[in-house]
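One structure is given here, and the rest of the page talks about it.
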Amino acid sequence: MKDGAIADDTRLTASLRTLRYLRERGARTVVLSHLGRPDGKPVPSLSLAPVARELTKRLGASVAFASDCVGPVAEEAAAGLQDGGLVVCENVRFHPEEEQNDPAFARRLAALGDLYVNDAFGTAHRAHASTEGIAHDLPAYAGFLMEAELAALDTLTRDPQQPFVCAIGGAKVKDKVGVFTNLLARVAAFVIGGGMANTFLAARGVDVGTSLRDSDLAPAQHILAQAERAGVPFHLPTDAVVSTAFDADEQATIVPIGDVGSRMILDIGPQTASAYAAVLHSARTIVFNGPMGVYEKRAYQNGTRAIGEAIAEATGRGATSVVGGGDAVAAAVELGFATQVSHVSTGGGATLEYLEGKTLPGVEALERSARAPA
C-alpha cells in the first residue's frame, strides 16, 4: 500500500484463482489476511478496506468488508453472506493474539466458517492464529496458489534437473547462510551480486571501499570454504559499476573489481554480467533470489536486467526457473522478465525458509489436517 492505494497487487492477483473457484461453486467465503506490522492494534493506514474494493473490481461482484475479523461484526457479516458471496475481514494483526497464535483467538476465527483454505504461502513460515492455529479447529486445505508454490519449490529441493544455478543478490549474507548451506548439495554453481557480493569479495580480501557489506565476514568465509570443499563454483564480480555516493548517479563509472578505491559498488559490471549470463544459459534449473544491484535506479539496472534476460532465454529453451524473495520479484516485475520465467514466488521469508529446508508451520498444519481421520 502507498498513500491509501494498492501499489503492488502481486499477491492479490495470485489469490484470484482460488477465490473465483470458491465463488463459482457457491461457497460463502470469509477472507482473512494481514497487512504490515500494526503491533496488535488498529492502524487506519493498514486497513484491508482497499483490498475489498479492489476484489470487487477484479471479481466483477460486490465484496463486502467487515470492520473486524472476530466478534459480532465479523460473525454478522459471515452469517449474512449469500451463496457465492465474499467478505473481507479487517486486518487480523490488529489483534495481538494473531501473532501470539492464541488458541482462543484461533477458535474465534474458526467460528466464521466450516472449512479452512490456506492460500497464503507468503506467511506459511509464521505460526500465527490465521495461518496455523485455525487449522486445529477446522478441516484445512491448500488453495491453488499454495499448491503451485509448493510444487515449484519442491522441484528445487528434491530432484532438480542439472545444471542447477542459483543467482543470489540482495543485501546480507548472514540472512541467507541456511539457503547457501542447504543448496550447496544441489547446485552446480552460484552467481552472486548485490550487497551480498561485496561481503564475499571482502571475505576474499578485496577492498570494496564504502560499499554496503556485512561487518562480520565470518559467515561469508564459512560459505566460501564450504563451496570450495564441495567443488561448487562460486562466481563473484570481476568488474562493477561504482560511484562516489549512493545518490551521485552522474558519477557512475565501470571499474575492475580491484579498482573500487574509496567509492561504492552499486551494480555488477558488464564483464561480470556477460560471464554470469553464460553460466545461466547452460542451466536446466535456476533460482533468482535477489537483484544484482540497485535496480530501482536506471544507472544500476543493467546487471539485473542482463541476468533476467539470460534466465528468460534459458526458460524459453526448457529450463525451470523460479524467482523468489521480495526484492527479486519486484526487480523481475520492474525490469519486465517476471512473465518469462516458470514461477514467481509470492513468498519472501517463506521461500527462503523452504529453500533452507525448514518446516513451514502453515504447511505443516495443512499436512496434519490431511492426515487426520475423516
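Name the residue, out of E309, E334, that is part of a helix (DSSP H, G or I), out of contact with any helix residue (DSSP H, G or I) (no Cβ under 8 Å at 6 or more places or on another chain) and within 22 Å of A240 (Cβ to Cβ).
Result of the check over E309, E334: E334.
Against the definition (crowded, with 18+ Cβ neighbours inside 10 Å, out of contact with any Gly (no Cβ under 7 Å at 6 or more places or on another chain) and farther than 21 Å from A14 by Cα), how does A127 come out, yes or no?
no
Quick check on V177: is it out of contact with any helix residue (DSSP H, G or I) (no Cβ under 7 Å at 6 or more places or on another chain), closer than 29 Å to G269 by Cβ and either of a type outside the set (A, V, I, L, M, F, W, C) or surrounded by fewer than 21 Cβ atoms within 10 Å (Cβ to Cβ) (or both)?
No; evaluated as a whole, the condition is false for this residue.
Regarding the range 264-286, can at least one residue be identified that is over 30 Å from N182 (Cα atoms), touching a residue at least 12 places away in the same chain (Cβ under 8 Å) and in a strand (DSSP E or B)?
Yes, there is a match, as at least one residue in the range 264-286 is over 30 Å from N182 (Cα atoms), touching a residue at least 12 places away in the same chain (Cβ under 8 Å) and in a strand (DSSP E or B).
Of A185, A111, A142, A189, which residue is among the aliphatic types (A, V, I, L, M) and within 24 Å of R11 (Cβ to Cβ)?
Criteria check complete, one pass: A142.
Is it true that some residue in the range 267-289 is at pLDDT below 95 and at positive phi?
The answer is no, given that none of the residues of the range 267-289 is at pLDDT below 95 and at positive phi.
For the range 235-263, which residues satisfy the criterion of being assigned to a strand (DSSP E or B), in contact with a helix residue (DSSP H, G or I) (Cβ under 8 Å, 6 or more places away or on another chain) and within 18 Å of Y295 (Cα to Cα)?
D239, A240, V241, S243, I254
Checking G303 against (1) within 24 Å of Y354 (Cβ to Cβ); (2) of a type in the set (G, A, S); (3) assigned to a helix (DSSP H, G or I), only one condition comes out false. Which one?
That leaves (1) as the condition not met.
So R186 passes all but one of these: (1) free of Cβ contacts under 8 Å to residues at least 40 places away in the same chain; (2) more than 23 Å from L280 (Cβ to Cβ). Which condition number does it fail?
Answer for R186: the failing condition is (2).
Anything in the range 24-66 that is closer than 18 Å to A79 by Cβ and surrounded by 14 or more Cβ atoms within 10 Å (Cβ to Cβ)? List them, or say none.
Matches in the range 24-66: A27, R28, T29, V30, V31, L32, A52, V63, A64, F65, A66.
When you scan the range 171-189, how many residues do you find that are outside any helix (DSSP H, G or I) and either within 19 Å of A218 (Cα to Cα) or outside the structural domain of S211 (by TED's automatic domain parsing) (or both)?
Count: 4.
Could you please find all residues in the range 337-364 being of a type in the set (S, T, Y) and part of a helix (DSSP H, G or I)?
Of everything in the range 337-364, those that are of a type in the set (S, T, Y) and part of a helix (DSSP H, G or I) turn out to be T339, T351, Y354.
Considering only the range 319-331, state which residues are assigned to a helix (DSSP H, G or I), in contact (Cβ under 8 Å) with a residue 60 or more places away in the chain and either of a type outside the set (A, V, I, L, M, F, W, C) or surrounded by 18 or more Cβ atoms within 10 Å (Cβ to Cβ) (or both).
Residues satisfying the conditions are D327, A328, V329.
Report whether or not E75 is under 19 Å from L145 (Cβ atoms), surrounded by fewer than 19 Cβ atoms within 10 Å (Cβ to Cβ) and assigned by TED's automatic domain parsing to the domain that holds H125.
Here the answer is no, as E75 does not meet what is asked.
Where residues in the range 148-170 are assigned to a strand (DSSP E or B) and within 17 Å of the chain's Cα centre (by Cα), which of them is modelled with the lowest pLDDT?
I168
Considering the range 192-208 alone, what residues qualify as being surrounded by fewer than 19 Cβ atoms within 10 Å (Cβ to Cβ) and in contact (Cβ under 8 Å) with a residue 24 or more places away in the chain?
R204, V206, D207 - these are the residues of the range 192-208 that are surrounded by fewer than 19 Cβ atoms within 10 Å (Cβ to Cβ) and in contact (Cβ under 8 Å) with a residue 24 or more places away in the chain.
Of all residues in the range 250-263, count the ones that are of a type in the set (A, V, I, L, M, F, W, C) and without any contact (Cβ under 8 Å) to a residue 24 or more places away in the chain.
2
For the range 245-261, enumerate the residues that are buried (at least 18 other Cβ atoms within 10 Å of the Cβ) and not β-branched (V, I, T).
Scanning the range 245-261 gives no hits.
For the range 237-244, state whether one or more residues are closer than 19 Å to V187 by Cβ and surrounded by 15 or more Cβ atoms within 10 Å (Cβ to Cβ).
yes
The values are calculated or read from the model by the stated rules, or taken from the named source; none is laboratory data. As the structure is a prediction and not an experimental result, all values here were calculated from the model. For neighbour counting, all protein chains shown are included, and Cβ atoms are generated from backbone atoms with ideal geometry for every residue, glycine included.
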